[in-house]
Each structure stands twice: as structure tokens, then as C-alpha cells.
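Each remark here refers to the structure printed beneath this line.
Throughout, read-outs are computed from the coordinates displayed, never taken from laboratory work. Just so we're clear, the structure is a prediction, and the values are computed from it rather than from any experiment. No Cβ is skipped: glycine too gets one built from the backbone with ideal geometry, and neighbour counts run over all protein chains shown.
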């Protein structure tokens with residue numbers, strides 16, 4: 001197990017050595033504008049670079065049972081922080 005919240009924000013080839021499939025479990029808590037999605041993006045990039053299959057486990061918000069209700073509402077200029085690396089719905 002490796003931490004991606006310090007020196008390394010993206011898995012290194014050494015971290016992925018011997019990995020056949022990288023599984024990312026991102027249970028929605030109703031707030032997607034946090035570092036989880038940015039970390040997932042970096043993991044996807046690292047897996048692709050190493051030719052490793054990447055699987056995302058995603059579920060609806062357990063509090064409301066709803067999925068996304070609107071299209072992306074975050075402008076590119078607002079995505080400068082690690083919490084908003086990718087465009088996504090804010091609801």
C-alpha cells in the first residue's frame with residue numbers, strides 16, 4: 001500500500017510493478033470537488049502509461065440515492081486547485 005498524499009501524487013512504475021488491474025473505489029458522498037477525483041485521474045494516467053487495466057467502482061450518493069443532476073458547471077479557470085482538476089458536476 002502506498003500513499004499518494006505526500007511526495008508522490010501519482011503512482012510510480014515501481015509502485016505498479018506486478019499489478020495486473022488497478023481498482024479505484026470512489027463512493028460518492030455527494031461532494032465530488034475534492035482530491036479523490038484528481039488522485040483517480042493521476043492513477044488512471046499511471047495505469048495507462050504502464051499498460052495496466054483500470055477499473056472504477058462508483059455508486060450513487062448513499063445519502064440521497066441520486067446520481068448527477070446537471071452538466072459540468074466548473075469553468076476551466078476554476079480548476080487550478082487539486083480539488084477541481086477535472087470538469088464535473090457540482091451537484
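Table for the structure above
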| read-out | value |
| --- | --- |
| Mean Cβ count within 10 Å, highest first, over the residues of peptides 11-21, 41-51 | 41-51, 11-21 |
| Ascending count of other beta-carbon atoms within 10 Å, so fewest first, for 54, 2 | 2, 54 |
